[in-house]
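*Asks:* There's a structure below that I have some questions on.
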């Protein structure tokens, strides 16, 4: 009888132990044991969203990677005039004028940023021409006033970035080709075109993803092709510096 009771107790105990083991397997949650850290899915989503915003803003708020800067500004032109045959020193005077521009910023496949367009520049200045028939150099120079208007076409590489959610900065630089719009000038002998280098720094404040207020400055060094070679003048190069403001529209 004792043997039967003992055997019964062992069988019941064995069944209870197996039941508890099976229940534990059904309730097993490996995430609770293997990964007890907090859920970071929302954090990863927010991080990816911020990256996407920065990439979009880096392209200066343009929808298809393109925008147009409409500029109006004021610039001054400083001439460098080289005399011929050791004549008297040539004095120069810088003058200013209004500038206009419509420049297109293009993003090519997210790899290359280019800036081109039309840039209307007034390059005005004075210089004194020594008298040729004055061997003793006793006479004053003849002052020549130059008022040239050039339509420049830049071909610049552009780099831009955002310094905050709404403020961005861009730099573009490269060569330009200029067309003289008033060849019938008071001073004869100027070439009808100009080859030079230019650099532009532009800050923009985004009003919305497609419109920005811009403020910037540009520097042009012209006359790589020597703008004037006549009479007592051997070479003329020009340095033009101006500031501008305007609007940028992305599309």
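*Asks:* Return the residue satisfying two criteria in turn: it lies in the range 106-140 and is modelled with pLDDT of 70 or more and closer than 17 Å to residue 83 by Cα, and of such residues it is surrounded by the most Cβ atoms within 10 Å (Cβ to Cβ).
*Replies:* Filtering first and then ranking leaves 125.
*Asks:* Can you tell me which residues in the range 141-161 are buried (at least 18 other Cβ atoms within 10 Å of the Cβ) and either at pLDDT 95 or above or not in a strand (DSSP E or B) (or both)?
*Replies:* 141, 152, 154, 156
*Asks:* When you go through (1) assigned to a strand (DSSP E or B); (2) out of contact with any helix residue (DSSP H, G or I) (no Cβ under 7 Å at 6 or more places or on another chain); (3) over 29 Å from residue 94 (Cβ atoms) one by one for residue 164, which number turns out not to apply?
*Replies:* (1)
*Asks:* Let me ask something else. Pick out the one residue from 233, 213, 200 that is exposed (fewer than 15 other Cβ atoms within 10 Å of the Cβ), touching a residue at least 24 places away in the same chain (Cβ under 8 Å) and in the same structural domain as residue 118 (by TED's automatic domain parsing).
*Replies:* 213
Listed here are the residues, each with its yes/no results for (1) assigned by TED's automatic domain parsing to the domain that holds residue 120; (2) at pLDDT 95 or above; (3) surrounded by fewer than 12 Cβ atoms within 10 Å (Cβ to Cβ); (4) over 23 Å from the mean Cα position of the chain (by Cα).
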position: 163; (1), (2), (3), (4): yes, no, yes, no
position: 167; (1), (2), (3), (4): yes, no, no, no
position: 176; (1), (2), (3), (4): yes, yes, no, no
position: 181; (1), (2), (3), (4): yes, no, no, yes
position: 184; (1), (2), (3), (4): yes, no, yes, yes
position: 187; (1), (2), (3), (4): yes, no, no, yes
position: 195; (1), (2), (3), (4): yes, yes, no, no
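The values are calculated or read from the model by the stated rules, or taken from the named source; none is laboratory data. Note that the structure is a prediction, hence the values are computed from the model and not measured. All Cβ positions, even for glycine, are placed from backbone atoms using ideal geometry, and neighbour counts span all protein chains on display.
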